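Presented below is the structure to which this report refers.
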Amino acid sequence: MTRRADRARTARSGTAAGQDDSPSVPGDKQARALAREEERARVRRSRRTALLIALAVVVVVVGSAATVYFTPLLSVRNIAVAGESSVSEQDILDRLDVPTGLPLVRVDTAAAAQRVAAIPALATVRVQRKYPSTVQVTVEERTPVAFFDSPDGTHLLDSSGVDFAIAPPPPGVVRLVTDNPVYGDPVTKDALAVLDTLPPLLRDQVGELRASTLSDISIQLLDGRTVVWGDKEDSERKAAVAIALLSQPGQIFDVSSPDLPTTK
């Protein structure tokens, strides 16, 4: 009987001890609710701060863009031209057509370069913005290597065959005689290619370049002698053979077959 009573007391004690793990009191719930509300308030404040920062950045960017596009602080005040010699600077400026006072960022450099490149004597044109206030124009003029006679005057050609000027030929420029001395003509193109491969020792002696067909190119030297070249193939080899042959007597030196050259 005593043992049963002890067990009953023990059970009641265990039950009383288990009452320590009872559910949270209402005060704990209020504390958690308050913490959640404070967290939501903190998130709202963070979002407002981020929004204000973003708006400030937009204002700065828009203001900077407006300054660049619409104020004279970064406008064109100087135009510098480099590389010209025979073409006048004023002709380049007229073609450039960039007014002073225009915001530099609004200068269309590609379109301006295209306008200047319409000058036939210019081989390349580059237009750049140089902050804070300069437009830089850099040009490269065509170099005449040959000329042909025409009823309207003497036409100058560059090494690619571009007819870029009517003017007296400078010293060292070779007379070209072909049926159709224009840009893109295959015979003219090959004849000029031969001229371009000549070493200075031979090039300095050339007075006239003749070509009736692609395989009938010849060179007349300043002293009246003629070098029969044939086509443009193997021109370096032909030039070496021609230089060796020119030390021998003769008026006509045929190097069209460089392994079997002849003289007359």
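The values are calculated or read from the model by the stated rules, or taken from the named source; none is laboratory data. Every value quoted in this text rests on a predicted model; they were computed, and no experiment measured them. Positions of Cβ are backbone-derived with ideal geometry, glycine not excepted, and every protein chain shown enters the neighbour counts. For accessibility, only protein heavy atoms count, side chains too; no ligands or nucleic acids. Shrake-Rupley method; radii C 1.70, N 1.55, O 1.52, S 1.80 Å.
Regarding VAL81, is this residue in a loop (DSSP other than H, G, I, E, B), open to solvent by less than 90 Å² (accessible area, probe 1.4 Å) and at pLDDT 75 or above? For VAL81, the condition - in a loop (DSSP other than H, G, I, E, B), open to solvent by less than 90 Å² (accessible area, probe 1.4 Å) and at pLDDT 75 or above - is not met. When segment 240-264 is filtered for residues that are in contact with a strand residue (DSSP E or B) (Cβ under 8 Å, 6 or more places away or on another chain), farther than 13 Å from TRP229 by Cβ and assigned to a loop (DSSP other than H, G, I, E, B), the ones remaining, listed by number, are LEU246, GLN248, PRO249, GLY250, GLN251, LYS264.
Could you tell me how many of the residues in segment 207-239 are open to solvent by 50 Å² or more (accessible area, probe 1.4 Å), assigned to a strand (DSSP E or B) and more than 17 Å from ASP158 (Cα to Cα)?
Adding up the residues that qualify gives 1.
Here GLY18 fulfils each of the conditions (1) exposed (fewer than 10 other Cβ atoms within 10 Å of the Cβ); (2) assigned to a helix (DSSP H, G or I); (3) modelled with pLDDT of 75 or more apart from (3). With respect to the stated conditions, ARG115 is at pLDDT 95 or above and closer than 25 Å to LEU157 by Cα.
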